[in-house]
Structures are given as C-alpha cells and as structure tokens.
1. Any idea which of B:Gly108, B:Gln27, B:Ala130 is furthest toward the positive side of the dipole for the stretch B:26-163, if Lys and Arg beta-carbons carry +1 and Asp and Glu beta-carbons -1?
2. Determine the relative contact order of the stretch B:265-413: mean sequence separation of Cα pairs under 8 Å and six or more apart, normalised by residue count, in whole percent.
3. Ordered by packing density, taken as the mean number of other Cβ atoms within 10 Å over each peptide's residues, highest first, how do B:671-683, B:272-284 rank?
4. Given a cut-off of 20 Å, name the pairs among A:Lys65/B:Lys212; B:Lys35/B:Lys488; A:Lys40/B:Lys28; B:Lys306/B:Lys586 whose C-alpha atoms lie farther apart than that in the structure shown.
5. Would you mind giving the mean number of other chain beta-carbons within 10 Å of the Cβ of each residue in B:638-644, as a whole number?
6. Could you give the alpha-carbon Rg of the stretch B:692-748 over 2.2 N^0.38 Å, rounded to two decimals?
7. Magnitude of the Cβ-charge dipole of chain B, K/R +1 and D/E -1, about the Cα centre, nearest 20 debye?
8. What 222 nm value per residue comes from the helices of chain A, counting each DSSP H run with n ≥ 4 as -39,500 (n - 2.57) and dividing by all residues, nearest 500 deg cm²/dmol?
Amino acid sequence: MSRYGLMIDYDFCTGCHTCEVACQQEHDYPAGKCGIKLTKFEYETFEKLCIDYLPFPNDLCDLCKDRVAAGELPSCVKHCQAAVMKYGPVDELVKDLEERHKRVLFVPK
Amino acid sequence: MRAGEGVKEYKCTVWSAGAGCHGSCGQKLYVKDGKLIRIEGDENNPWNQGRSCSRALALKQYMYHPDRITTPLKRDGARGEGKFVPISWDEAFDTIERKMKGIREEFGAESILFCQGTGRDVGGPISFLAYSYGSPNWVQLGLSGQSCYTPRLGAMKATFGDFMVADCSQFLEKRYDDPEFEYPEVILVWGQNPPPTCPDGFFGHWIVDCMKKGTQVICVDPRHTWMTTRAKHHLQLRPGTDGALALGMLNVIINEGIYDKEFVAKWCLGFEELKERVQEYSPEKVAGITGVPADTIVSASRTYAKAKNAGGHWGLAVDTAPEGTTVAQAITHLWAITGNIDIPGGSVIARPSHGVTTYPYTTEELVELYGQELVTKLNDKRIGANEYKMVRGFRGWAQPDRAIEACKTGVPYPIKGAWIQTCNPLGGQATRTKYHYEALKGLDFIVAVDLFHNPTTMALADIVLPAATFAEKETFRSWWVPLGVTQKAVQVGECKSDWEINFELAGRLNPEIRQRWGSVRELIDSRLQRAGLTFDKLVEQGSWAMPPDGPFKPYRRHERGLLRHDGVPGFNTPSGKIELYSSVYKGFDIDPLPFYREPVNGPVAKPELAQQYPLTMISGTRNPLFFHSEHRSIPWLREKCPEPLVDIHPDTAKELGIFDGEWVFIENQMGKVKRKASLSKTVKPNMINTEHGWWKPELEGAEPTLFGVWDYQINQLVPGPQDSQSGFGGGQYKVTQVKLTKMPEGGK
Ligand code: SF4
Ligand code: SF4
C-alpha cells in the first residue's frame, strides 16, 4: 500500500488560516489543538523584503482518514482559499515538486 | 456524518458565509436533530468552488456561542449599566411600534436614523424599513465620508454609467474553463491586500488564482503585504497620496501615447481636457508628492498600459483618500484610456445579477423600489443632501459626519432615535468615537439588532433584538453574481432574520406593506420575478443562477447596445460615452476632472501637527480571522490572534526603546489606545499599521469598561469630520498622525 501525503505550493499560501480551522472543525478539536499550524516568515534578501507562509502538519493530522474513506478530500485541502494543497500518494506528489519551485511535501504519520 | 444517517444537507449561496463579509460563497450545511453539525464549502458553486474561510468554518462556535443573544431584551436600569431582561417578541414589537409612531407624529420620521455597518444582507432590509417608516436617514453611521465603496461606486457611475470590477471569470458559470475567458496579463491592485478580504462582491483569492496562471500584479500600497512581495511593481506611496499617483500614471500613459487610441476616439469623451489636466502631474512632481520614484511610476504605467488585457481592482484606501470620489475617478480613467473595458480579463461592467435588487446601489434602484415621489420627498429632508449635490444625487445615504452632528446639535433638525442593525459603530467604524458615544447617548430611543452584545448595545440600546446567522434564515443575494438564495437550516433560540424583523415592523408602521406582501418569502419572490425565478426554484437548482447572455453578463456590451435603455451602442451615461470630463460631476458642482489634494491632517498639510505626532498611522488593516469588530469571542479564531498588534519598523522601535511583544500606547490629540508591538519591516520607519475593530468580549460589558472599547478602539484617534467637495470620501482612517509611548513596565 502506498504512503499518502500533502503537497503544499507555499509560494501561493496567503496565510489565510482556513486550513487550521478546517482541521479543527473536522476533528472537533478544541481551541489549542490543531493538526496543522500556519507559520509566517518575514525576511530580507539582499534586494527586497519577502513574506512567506507555510502550514505545517503535525502529529494531530490524520490525513482526514474518515473523510478520505468517505471519498472526500481532506478538509484543509478542500477548503484552502488559495488551493495550494494537494493530497495523494507520495510517489505522485513528488512529481509536483519537480514542476515548480517553493513546494514542499509532508508525510504526516 | 455525511448526508443520510439522519443528517440533512442544505445548500446555500450565502451573503457573508464568513459571518459578515461580502462574498457570495456556496456553503453546504449539515444538520442533525435540528442542530448544525458541520459546514463545508460547496464545490458546485462557481463563486468559491468548494473553498471556504476560517470564519465560515468556525460557524458552529459562532452560532452556538454561550454569549449569543437569543431572545429580545429590554434595558432594565440606566443606559450603560448592562442590565437587560428578556422580553417576548410581541412586547418588543409593540414597544418599538409605539415609540417609533410617537416620534414620527411629534418630530417627523426623519428624526430617526437607520444605521448599518457592513456585511450580511442588512442593506436591503434596513433601507426597506427606513423607507417604509418614511425616514430618509439611512446611513453607515460613524463611517466618516461614507468612505467604503460608495465614493468608488459614485465615480464609476459618473464615468461609465455603470459599475465595474476586475474580471476573474466570475460572471461565467464554467469560470476559468470557459473558452470566452482570458486570464488578465496584469491586474492593477490599488489600495488593498485582497487575500484576507472578500470585499464588495469579490473573492480576494480570485486574484491569486490568476497569479498562478501567470497574471502579474501591480500593487499600490504603502505597506508590504504577501501580495506586494509577489508584485511586478510595488508602488509604495505615502499614505493618502493615491490621487497624485493616479494622475501621474495618466500623465505617463497619455504623454507617451501608449493609451488605446482607437478605444478613446470611439468611446470616450473629454480626453483633451484630461490630457491638459494631467500635464500638472509629471512623474517627477508626483514622485515628490508620493515618495514613489519617478522611474517606478513610469515603468509601472508602461506595464499596465501595454498589457494586452489588464484588470483593475481596488480597496477602501481609495475612498479614504481626501476627495475619495476624485481619486476613484482618476483610477477609472486609467482603466478607460487603456481600453480595458468589458473585455475578458479586463474590468467588466457589473450589475446586480438578473437586474434583481437586494441592497440598492443606485438612486435608480431606490426609485424603482419605492417610487419617484417618495424618493424625491425624502431627499429634501435627507441629512447632507442639501449641502452636497452628490449625496443627494447618488444613492440614498444620509451624510454620516453631518448625521452624528445633527444628533448633538439639532441642526438641521433634532434627532430623537436610532435603529442600529448588525452594526457596532462604537467598537468599529466610528471616527471621533467619543463624540459619537456622547451624541448617541442623548437620543430618546435606541434599538439595536445584533447577535452578540458589544460596546454599542451595552452603551446605548434600550431594546436589543436577536438576529439570525445565515444558517437560520431565508434571504437572497444579487450583488453582482450569482443570483443566490440562502435556505433556513436551523433555528437558534428565538432569533429572527433581519428581513423578518424589518418586514414585521415595516408592516406595523406602514399598512401598505401588508397589502403588498403577505410574508418575507412573498417579498423575495416579488423581487426575483425580474429573473423569472422563485426562491423555491433557486433552491431546487442548487441555490444559485448565473445571468444569461444580455445586459447582466460580459463581454463588450457597449458594442452590442446592451447597456442603454434606448438600445443604442454605448454606455449608460448622459452622452453615451465614457465621460473622462464628467458632466455628472459638473452637475454635482464638483470638479469634472480629477485633481490632487493633500491629506488634510497629514504631515505635509499640517507640519506642526506632525512635529508633535511624527508617525502616520494606517488603521483598518485586515485580518482574515475577523470581520471588522466581530469574532473576538470565537475560540478557534481568537486563539490565532489573541491581541491587537501594531506594526512598527525596527529602526523606529529601537529609537523609542520598544521591544517586540511589548504593550505600547498609540497617542494623539484625540486620545490614546493600547497595542502590542510587532516589529516588522512591512512598514516604513515613519508609519505604523494596525487593525481596527478591537474590543474584548471577555471583559466587563457595563460602563465604564464597555468591553475595553476605550482601551482598544483605534478609530477614536481618527479625527473628523471629512470635508471633501462631494460629501463622500475622505474619512481619515489611513492618515492619522500619532506618536508611540511606552507603558510602565511594558504594560505588564
Ligand atoms: S488554507 Fe491554504 S492559503 Fe490558507 S493558510 Fe492554509 S495553506 Fe495557506
Ligand atoms: S470570506 Fe469570502 S470566501 Fe470566506 S466565506 Fe466569506 S465570502 Fe466566502
């Protein structure tokens, strides 16, 4: 059986927090518990100021196994306002990493 | 817990899924045993295509919050004491009817103000109630200069005879896959960071969708934002100088001859006059005013003008510029002379879907709903309509700065009451907040309709009526597209929809209403007739409909004779052309051509003030977790941003000895407000940037605390009134001079 993961095209993550609340609603997690945590990076290159966001799946992420079993997408993937998250088998998602820069693949446990 | 197994699914096209915003998302509500158990974006709705936002997804916590007001309340004690007792709807309606009729008899209907904020579907029901009662004073009270979209709407109507929006395929059912659509080569984003907002019938992330497909953005913003860091050009102007920048860009495009000559010759009027006017604004001069280097102005203008198709998107900073209506006009000229009008991926004409009116955006719509006679009669009494011809001639708002002054001074006539509906002026939009507080305190009778207590209900309300969330109501929406309906999925307490409340009361205050419609549903169906649809039919087909080819759907309608009543090709203006020299503005006694004016209390116009208060504060920066003054009590949202922050440049912080995370005062001649310092180079050293709408629901509601409003409400530092020529625009939210001071022990 292949392993599944989340591919995130973080060049286009706008920091909207939707993935986090989507996860909390789906799992009925109380405030303080969430399977994905948004992080913000503000830094300077030698030319300019940069702002990047990255949502970081953690040990509370179960890749929405109940949803997936019911034929739905993981809640964060479906609701992401910038549509930057993709769910699938790791070997397929790796191909997305080859396509464009600023992408990352997470394989939560 | 999918549909089935005792779970019912309700599909809705929602005005404000994220409780308050201006999107038109499709949402699916899952209900079990009369309770909402889950909300999901609807993948079959072309607007959001399954996406959602943090606020919509937190709907359960919002709806079933222990602080939710679920019965009508009446004040039991002095105003501000925070003592309310539950009453029945009958008692509430009877009391309100008696009081409002009494006031109308003794002082005239105009002595009650009908105050709204923004968000939800409130514009329709509140104007309906005001007109049914006979008061012309429908107003976004506290919103100085009505500085949110109305100035831009007025400018578009004058220039094009219609409204325009950036085309991101939103008028097409198949969206990006429709072969007629072409991605914009460029989008000019003026005065907004679109992703955290869903402004004015527009989903902010549509621009992100286009960027992924190669669209380049030009951003006009004094701040660095996610979007500016990805822009081809970032025009980082001094706050409030937008008017000069627009004129400078027009100067470049006209003098370099890179405008669309054929389009201008065929469809525009007044080009020579505009050309002459923009000569006063060379890129070098504009660079001096705005702080944007001249070569950046030139190269951005070229990128925009030379693009095959370019969209124009904009935000509230345009309205709040001094003379917002003229700044907006100059920006519309950029769209027009480059020929980016009603073409795929350009700026397209936007009309309420299928011609159905919910929230009236024009005088014409008001006349259609309420008749010329009533509108004319009310206009004579409308506050500000006699001083400002544009306030009289465009839409139906009372002028907010004058309206609050009338409460205090009795000029032009005494104000006796206020109907405040899903609006929290004291915690949100009101500049000069203390002045508003004192003026409103003096009124005889105040009703607030809301979902939660807030500083406004606490300080002022005599009666509070519990409003419903969208999951609890039937309503309809036609703000651009699609035409949509929301079905009622559940009931919470005794809450009612704004339409239900206002319909019942309108019937009591004006018997004609009950002769025309038996219920809210009948009223909705009567308005949907235009579309040849009914509420039930829309529900049946998934809750939305896109307009068929014709006047309500792009493209190139001016060529096809679809815009004017006479069916002649052209635009819906007096001359049939895009009026660069505006006959409509001339009729309003305002300059028919755009011009620049310095922010009235800015560092250039008032150097002595800037000496004392050296930092320019931008208030109103958006946070995707909150809608204006709402949501601070929702656990899933508040935990992600527990305190109000102020962005301070590290150099400035160093000079003042301020550390990251320390509490500071922002202070000026109006007062002082608390903020937590966030050191960031997203602002320049002479600016600070902060969110509005902060008060703390967890604090004491009764006076004097009022949920901490006097500690956190930033707009109390914003002076007023605005003083633009048109009466619209110029609320000073984006240019307020302040200083920062440390608190003892860093505020611990
Ligand atoms: S939902 Fe998408 S865009 Fe929003 S923060 Fe999460 S990954 Fe980023
Ligand atoms: S913020 Fe926009 S995207 Fe989110 S629910 Fe509201 S309308 Fe929809």
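The values are calculated or read from the model by the stated rules, or taken from the named source; none is laboratory data. Owing to the predicted nature of the structure, the values given are computational and were not obtained by experimental measurement. We place every Cβ from the backbone using ideal geometry, glycine too, and count neighbours over all the protein chains shown. The accessibility values were calculated without ligands, DNA or RNA, using every heavy atom of the protein model including side chains. Shrake-Rupley method; radii C 1.70, N 1.55, O 1.52, S 1.80 Å.
1. The one lying farthest along the dipole's positive direction is B:Gln27.
2. 12
3. Result, highest mean first: B:671-683, B:272-284.
4. A:Lys65/B:Lys212; A:Lys40/B:Lys28; B:Lys306/B:Lys586
5. 2
6. Compared with the compact-globule rule of thumb, the stretch B:692-748 sits at 1.49.
7. Result for chain B is approximately 680 debye, rounded to the nearest 20.
8. Calculated from helices alone, the mean residue ellipticity at 222 nm is -7000 deg cm²/dmol.
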